[in-house]
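S.K.: Below is the structure I would like to discuss, written out as structure tokens.
The values are calculated or read from the model by the stated rules, or taken from the named source; none is laboratory data. Not measured: the values here are computed from a predicted model. Cβ placement follows ideal geometry from the backbone for every residue including glycine, while neighbour counts extend to all protein chains displayed. Calculation scope for accessible area: heavy atoms of the full protein, side chains included, ligands and nucleic acids excluded. Shrake-Rupley method; radii C 1.70, N 1.55, O 1.52, S 1.80 Å.
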Amino acid sequence: MKVLTVYANPNPRSFCHAILEKFSQGLKDAGHTNEVVDLYAIRFKPVLKLWDFASWIDETTPMEYLRGMIQSSTNRFVWFFAEKWLRNNDISDIAKLARFFRPMDVLKQQNKVAEADALVIIAPVWFVGFPAILKGWIERVFTYGFAFSFTPDGWQGEMRGHVPLFKHQRALIISTTMFNEKAYQGGLGDAMKRLIDDFGFRYSGIKNVEHVYFYAVGAVDAAKRREYLEQAYCLGKEFGK
């Protein structure tokens, strides 16, 4: 299986990095191919900016949505000429043009995602969620027309109107935490399941989503840490079974 592992932790000596190493070794020993994208190492830019909207345009994007984007622009010069151009072109022409303006760093990541059979995320939990660089990676990479699409109902704000586009066999999310298992059973785990597992991955079409937590890594003893590392190796070794 071809696996894409996205890793987000700024400290190369962290326990989270040790988890990455053990998991990767398990994948290798099981015969899987694994590409690791270290978001801090590649200095990925997580902030979604105005030009990123070119990544959210395809042949199914309603014209009124495009006009709304243009009219919200603070650059009146751009607004004037874009409005004039829109009157003389249909959405297919606009979508073709938009492809030339899609950010290259996003396209590179989308190619990696598209080529993978499975996705793995390894990161710490910060403020009951992903680190900002990882959340930004999802926001910029899991775009409309790539990760999901909309029916007409979707463009009217209906949740049932989304169309998932990912075909990956599975996704595995590995999180290291500050707080213990009791805290996650008390509500933190449900919050992350809804926001990350469901809306981040199942929403895009990946039905088999597993989330594994290594709790309170800064508080547990050495024996528990060794147990965590062995578990990480087994997750890799048994991946796909």
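S.K.: Out of A123, A114, report the one residue that is out of contact with any strand residue (DSSP E or B) (no Cβ under 6 Å at 6 or more places or on another chain), within 18 Å of K2 (Cβ to Cβ) and of a type in the set (G, A, S).
M.R.: Details: A123 fails: within 18 Å of K2 (Cβ to Cβ).
After applying the criteria, what remains is A114.
S.K.: Take the stretch 188-234 and flag every residue that is open to solvent by less than 30 Å² (accessible area, probe 1.4 Å) and assigned to a helix (DSSP H, G or I). Can you show your working first?
M.R.: First, the residues of the stretch 188-234 that are open to solvent by less than 30 Å² (accessible area, probe 1.4 Å): 189, 192, 196-198, 200-201, 204-206, 209, 212, 214, 216-217, 228, 232.
Passing the criteria: G189, M192, I196, D197, D198, G200, F201, Y228, A232.
S.K.: Considering only the stretch 95-176, give the strands (runs of 3 or more DSSP E) lying wholly within it that have at least 2 residues that are at pLDDT below 95 and over 19 Å from D197 (Cβ atoms). Give the steps one after another, and end with the answer.
M.R.: On the way: elements: 118-124, 148-150, 162-164, 170-176.
Qualifying strands (runs of 3 or more DSSP E): 148-150.
S.K.: Taking the stretch 133-144 on its own, how many of its residues are closer than 12 Å to N9 by Cα and open to solvent by 10 Å² or more (accessible area, probe 1.4 Å)? Don't jump to the end; show me each part of the working.
M.R.: From the stretch 133-144, those closer than 12 Å to N9 by Cα are 133-134; that's our starting set.
In the following step, the residues that additionally are open to solvent by 10 Å² or more (accessible area, probe 1.4 Å) were identified as 133.
Number of matching residues: 1.
S.K.: Would you pick out the residues in the stretch 114-132 that are surrounded by fewer than 19 Cβ atoms within 10 Å (Cβ to Cβ), touching a residue at least 12 places away in the same chain (Cβ under 8 Å) and under 30 Å from A216 (Cβ atoms)?
M.R.: Listed by number, the residues that qualify are V128, G129, A132.
S.K.: Ok, one more. Do you know which residues across the stretch 13-54 are open to solvent by 30 Å² or more (accessible area, probe 1.4 Å) and acidic (D, E)?
M.R.: Correct list: E21, D29, E35, D38.
S.K.: For the subset of the stretch 50-64 comprising residues that are at pLDDT 75 or above and not in a loop (DSSP other than H, G, I, E, B), which member is nearest to Q156 (Cα to Cα)?
M.R.: It comes out as W56.
S.K.: Testing Q71 on (1) surrounded by fewer than 16 Cβ atoms within 10 Å (Cβ to Cβ); (2) of a type outside the set (S, T, Y); (3) modelled with pLDDT of 60 or more, one condition comes back false. Which one is that?
M.R.: Here Q71 meets the rest and fails (3).
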